[in-house]
Amino acid sequence: MKILVAVKRAIDYNVKARPKSDGSGVELANVKMSMNPFDEIAVEEAIRIQEAGIAAEIVAVSVGPKQCQETLRTAMAMGADRGILVETDEEVQPLAVAKILKALVEKEAPGIILLGKQAIDDDSNQTGQMLAALLKWGQATFACGVEFAGEELKVNREVDGGTQSISVKLPAIITVDLRLNEPRYVKLPNIMKAKKKQLDIFSPAELEVDITPRLKLIKAEEPPVRVGGVTVADVDELVDKLRNEAKVI
Amino acid sequence: MPERESMDFDVVIVGGGPSGLATAIRLRQIAIDRDVELTVCVLEKGSEVGAHILSGAVVETRALDELLPNWEGLGAPLNTPVRKDRFVFLTERRAIPFITPPQMHNQGNYIVSLGNLCRWLCEQAEALGVEVYAGFAASEVLYDDMGAVRGVATGDMGRKKDGSKGPNFEFGMELHATQTVFAEGCRGSLTKQLFERYDLRSGVDPQVYGIGIKELWEVDPAKHHPGLVTHTVGWPMDLKTYGGSFQYHFDENLVSIGFVVGLDYSNPYLSPFEELQRFKTHPAIRDTFVGGTRISYGARAISAGGFQSIPKLTFPGGLIVGDAAGFLNVPKIKGTHTGMKSGITAAEAIFGVLQGEISNPVEANEYPERLKQSWVWEELYRERNIKPSFHWGLIPAMIYSGIDKILLRGKAPWTLHHRPDHLCVRPAANCKPIEYPKPDGLVTFDKLSSVFLSNTNHEEDQPCHLTLKDEALPVALNFKKYAGLEQQYCPAGVYEYVEAEGKMGLQINAQNCVHCKTCDIKDPSQNITWVTPEGSGGPNYPNM
Amino acid sequence: MAVLVLAEHDNDSLNPATLTAISAATQLSNTIEVLVAGSDCAGAAAATAAVTGVSKVIVADAAHYGNALAENVAPLVVELSSSYSHVLAASTTDGKNIMPRVAALLDVAQISDIVAVDSESIFKRPIYAGNIIATVESSDRIKVITVRTTAFDPVSSEGGSAAIENIDAGADMGLSRYLAQDLTKSDRPELAAADIIVSGGRGVGSSENFAIIEELADKLGAAVGASRAAVDAGYVPNDYQVGQTGKVVAPGLYIAIGISGAIQHLAGMKDSKVIVAINKDEEAPIFGVADYGLVGDLFKEVPNMVAALDK
């Protein structure tokens, strides 16, 4: 079986994003970029599945500008066997990414597609579900545990207030949550080896995918500054206000 | 250690700053030119090249012109030529313009982000075939049986706080090389070990340092004057403390503002961080920043000893370049050009020894020889007496400097000497506590919200990289006698004296560290040793 | 045009999160219809019909809708969607799971996690973990939206009397099966998913003292968090940490106890709906963001609060 794993190049999670001063977007000039942390977990899971002898090949895919090659090289240094970059300098929104991935699935015929549950830049949390819809596959989102059982996958999912387990038929989409695993460190010699692994590049047009954005960014701004409220005299007043004014308990 | 894997290179360079990258670029240029095989590897502890780079910076292009004459065509990020130099003496309320000292003239120089210049140099290096590995800290020097350096090892990854192996533990790698170049920058942690091991500092002055604290602002376009360079001396420093500010207007509405304090300061209550905040409240300074946004913050120690503090530069198996050796020209407030030139010179010397008969151990003796013939040596020699004269205080130093510079043209028949910074601090009982103003949240800020903007982080569950030789000493000595000075000098809030259950203790918030190395320098009993944390830990400076 | 809201429920009752999605819907249309897809879900349908502002409840009752599997629910929503301008759901795990599947089947974008409705096609949503608010405009014919529950005041669950219309169920796609649920009701919830979080800082003083934080948390059914200072001091393990390098949380209620409120901590919890601060230092920055501040000794006030909650 082959695993396709999608990786996005996003702002590094240590870096604080800020809007451009004219509000036209997010300031990304010379800002450290890395692989989206959820995607790192997806790559790690793919490698563990391969190490368990269930998958034969891992193909990492990224969509975006030329620099996404670095992200793919990181995935390959972790253990992915080869990479595919669908290169474009245009903005690619989740629906378009899902369509691109669908076109690649038709070429590659993987048995499982692993994705991070969301990217830490646009926080959309859509691509995996959209890809599953387009492929008419089952989806196991927010995975915190993955187990193989014949033609099915048993997946534990992080849901509000606890966990849930479902079973999905293969082929299937898995989107991964934080607790699934802890990604391995990339080893230095593997970075060197990754430079020699196969990396194919396509354009969206070659895959016949229209990537025209459907959502237009009108403004990016800092959230309103929170201001302090009232001081209460004692806990009785506090509990009363929480119950009757804020209605949160 | 059989568990560790190893890789072999001709040259391994520790540190992806301007001098390390210049060494790498020059080595590969010569190799390509002569059509010989030569493998060059650069290790960088930051998450990427540029992540740990912090500088003013006004750059003189002399070395860059020599290294990559076509830098403009290659898209080097030198976008803002200096248009105007101002040198100002501040009193608490007034700003008195002075004649700019000759060494501080900046015609032909550029205001840059040194981090971005390094990112660009890294691209050039990689295009020439240099292997650059960011996110790997060289944590150990490797020696061969004959006592020569044979490379470095990167730190283990995934060790837990107590030193045991975590679930993802990986041993570090050994990188073996015929020549290992140490380009760690000021107060390099491995360079410090080499000084001892090969006695490289015998016969030279102790190195002395300054700490530079910098903020990057996006200001109101109406207040932005691209190319304007302003330096100040005087307030808020007292006349006995060496320090001054810089303000550079560059790119799109960006202003770099920083304050440098000599680490030979004596009052343990002094906080370099607060001095920068206080400085920004000066009536002649504040207005530029009103209505602007602070984008980034960081700090870094710089070597200030100059000529008389340059150590022996080579040893069997390797050499030292850049500010790790102390090539900063303090009166000129520049070191990128000298650092890069030292790298270029080292590369040429290394190439020479690698091509000759390789007799073990190899020492690139030609490197210091060539450097002494170069403009670096002449430049540093000329300025050598200015910084030490500031021991007499600001006014006598400025008078002396005028005489030394203008009348004697740097050729005074004497050389003034340095004292180690950590010996300069006086007991708190003999000093006056300093009352710093409260932050206003608009132009001035507290320390933690500043550190926030450095984007610094360290994997939490790892051994503390700020090590104490004696755990009891901070409370027994620093807290009792020196008013817990590390709380003041640390620009990142790493050190905190906390009372818990009636007992005072030193809490080390290692996660906050911005790798400035001030604690390693200034601790009065040299009790703190800064070692490399897990690779890619530390600040993530954008555009610094 | 009418707006469709996808209800979240457990077949018997309506999840209150849906009330916030309906609240957002009221800003888009006067005609709000709610889809209840479930199994033996008459109870949930009746509860939905009673919600203020709901015009009609559409019920699809079949065994394969019992556990809100996206593969089965999404086609049903798509089937209905042509008569609506907008399709909304609360941004819960179910909403986040189902709605992008709906959007892709409709060949439209999804607008995730909106916090404000500017017009019928312009919305505000947080990006970069809430550090930036993006205003986005959709050009799609149907807007598929998930709603951040803490950003809208819930509509009343009473006072309505909507008609209930039963529709035929779609097919069971057979792509996935529900196996089990482990909702840790008795234990403390996970930080990231908790509705209420009680956090302690260095002011708590020791690992043992954290018991009083835990007691309050258990009383409220809340998760326990901590500031970095408390983690660094070794009072609690690292995975308790709320803040920039730990977890970013946005619960309905965040109670900060003995936490001064360094920016690193504020960055991790400032999107909480209601913030309470208990601290003896009235100058502590945490009071600058707290909706309710109580200046006092936590060792006295926290046990008092536990007692007050019993009243």
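The values are calculated or read from the model by the stated rules, or taken from the named source; none is laboratory data. Everything quoted here is computed from the prediction, not taken from an experiment. Because the Cβ atoms are built from the backbone with ideal geometry, glycine has one as well, and the counts that use them run over all protein chains shown.
At a glance:
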item	result
Only listed residue being within 14 Å of B:HIS337 (Cβ to Cβ) and of a type in the set (Val, Ile, Thr), chosen from B:VAL88, B:VAL112	B:VAL112
Given (1) touching a strand residue (DSSP E or B) at 6+ places or on another chain (Cβ under 6 Å); (2) within 8 Å of another protein chain (Cβ to nearest Cβ); (3) at pLDDT 95 or above, number of the condition C:SER121 does not satisfy	(2)
Contacts under 9 angstrom Cβ, first residue in region B:38-64 being in contact (Cβ under 8 Å) with a residue 24 or more places away in the chain and surrounded by fewer than 24 Cβ atoms within 10 Å (Cβ to Cβ), partner basic (Lys, Arg) and part of a loop (DSSP other than H, G, I, E, B), 6 or more apart	B:SER47/A:LYS32; B:GLU48/A:LYS32; B:GLU60/B:LYS332
Residue check, A:LEU104 surrounded by 19 or more Cβ atoms within 10 Å (Cβ to Cβ), within 14 Å of another protein chain (Cβ to nearest Cβ) and not polar (S, T, N, Q)	no
Failed condition for C:ARG101, given (1) at the interface with chain A (Cβ under 8 Å from one of its Cβ atoms); (2) charged (D, E, K, R); (3) surrounded by fewer than 24 Cβ atoms within 10 Å (Cβ to Cβ)	(3)
When residues of region B:394-426 are limited to those that are touching a helix residue (DSSP H, G or I) at 6+ places or on another chain (Cβ under 6 Å) and among the small types (Gly, Ala, Ser), the one surrounded by the most Cβ atoms within 10 Å (Cβ to Cβ)	B:ALA397
Residues of region A:27-53 that turn out to be assigned to a loop (DSSP other than H, G, I, E, B) and either surrounded by 14 or more Cβ atoms within 10 Å (Cβ to Cβ) or among the basic types (Lys, Arg) (or both), as a count	6
Qualifying residues in region C:108-135 (those that are in a loop (DSSP other than H, G, I, E, B) and under 15 Å from A:THR127 (Cβ atoms)) - the one farthest from the chain's Cα centre (by Cα)	C:VAL108
Answer residue from region A:67-107, given it is part of a loop (DSSP other than H, G, I, E, B) and of a type in the set (Asp, Glu) and is nearest to C:VAL144 (Cα to Cα) among those	A:GLU91
Residue tally, condition in contact with an Asp or Glu (Cβ under 9 Å, 6 or more places away or on another chain) and assigned to a loop (DSSP other than H, G, I, E, B), over region A:8-26	7
Scope region B:66-83; condition in contact (Cβ under 8 Å) with a residue 40 or more places away in the chain and either farther than 17 Å from B:HIS337 by Cα or not acidic (Asp, Glu) (or both); matching residues	B:LEU67, B:LEU68, B:LEU74, B:GLY75, B:ALA76, B:PRO77, B:ASN79, B:THR80, B:PRO81, B:VAL82, B:ARG83
Residues within region B:427-482 that are part of a helix (DSSP H, G or I) and buried (at least 16 other Cβ atoms within 10 Å of the Cβ), tallied	13
Per-region count, region B:266-321, residues in contact with a Cys (Cβ under 7 Å, 6 or more places away or on another chain) and surrounded by 23 or more Cβ atoms within 10 Å (Cβ to Cβ)	6
So C:VAL147, is it surrounded by 24 or more Cβ atoms within 10 Å (Cβ to Cβ), more than 10 Å from chain A (Cβ to nearest Cβ) and either of a type in the set (Lys, Arg) or under 30 Å from C:HIS265 (Cα atoms) (or both)	yes
Residue check, C:ALA129 on the phi > 0 side of the Ramachandran plot, touching a residue at least 60 places away in the same chain (Cβ under 8 Å) and at the interface with chain A (Cβ under 7 Å from one of its Cβ atoms)	yes
Listing of strands (runs of 3 or more DSSP E) fully contained in region C:1-63 that carry 1 or more residues being touching a strand residue (DSSP E or B) at 6+ places or on another chain (Cβ under 7 Å) and surrounded by fewer than 21 Cβ atoms within 10 Å (Cβ to Cβ)	C:2-6, C:56-61
Residue ID - farthest from the chain's Cα centre (by Cα), chosen from residues in region A:143-169 that are among the hydrophobic types (A, V, I, L, M, F, W, C) and under 17 Å from C:LEU175 (Cβ atoms)	A:ALA149
Residues being within 14 Å of chain B (Cβ to nearest Cβ) and modelled with pLDDT of 90 or more - total across region C:211-229	2
Spans of strands (runs of 3 or more DSSP E) in region C:242-303 with at least 3 residues more than 11 Å from chain A (Cβ to nearest Cβ)	none
Residue that is nearest to the chain's Cα centre (by Cα) [pool: residues in region A:221-238 that are at the interface with another protein chain (Cβ under 7 Å from one of its Cβ atoms) and over 21 Å from C:LYS270 (Cα atoms)]	A:VAL235
Matching strands (runs of 3 or more DSSP E) fully within region B:5-112 where at least 1 residues are touching a helix residue (DSSP H, G or I) at 6+ places or on another chain (Cβ under 8 Å)	B:6-14, B:40-44, B:84-90
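Residues are listed down the side, and each one gets a yes or a no for (1) in contact with a Gly (Cβ under 7 Å, 6 or more places away or on another chain); (2) surrounded by 23 or more Cβ atoms within 10 Å (Cβ to Cβ):
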site	(1), (2)
C:GLY174	no, no
C:LEU179	no, no
C:ALA192	no, no
C:GLY200	yes, yes
C:PHE210	yes, no
C:ALA230	yes, yes
C:ALA233	no, no
C:GLN241	no, yes
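This table checks each residue for (1) within 10 Å of chain A (Cβ to nearest Cβ); (2) in a strand (DSSP E or B).
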{"residue": "C:GLU137", "(1), (2)": "yes, yes"}
{"residue": "C:ALA169", "(1), (2)": "no, no"}
{"residue": "C:PRO189", "(1), (2)": "yes, no"}
{"residue": "C:VAL198", "(1), (2)": "no, yes"}
{"residue": "C:SER207", "(1), (2)": "no, no"}
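Rundown of residues vs (1) under 14 Å from the mean Cα position of the chain (by Cα); (2) on the phi > 0 side of the Ramachandran plot; (3) polar (S, T, N, Q), yes/no style:
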| residue | (1), (2), (3) |
| --- | --- |
| A:ASP22 | no, no, no |
| A:LEU28 | no, no, no |
| A:ASP39 | yes, no, no |
| A:ALA56 | no, no, no |
| A:THR74 | no, no, yes |
| A:GLY79 | no, yes, no |
| A:THR88 | no, no, yes |
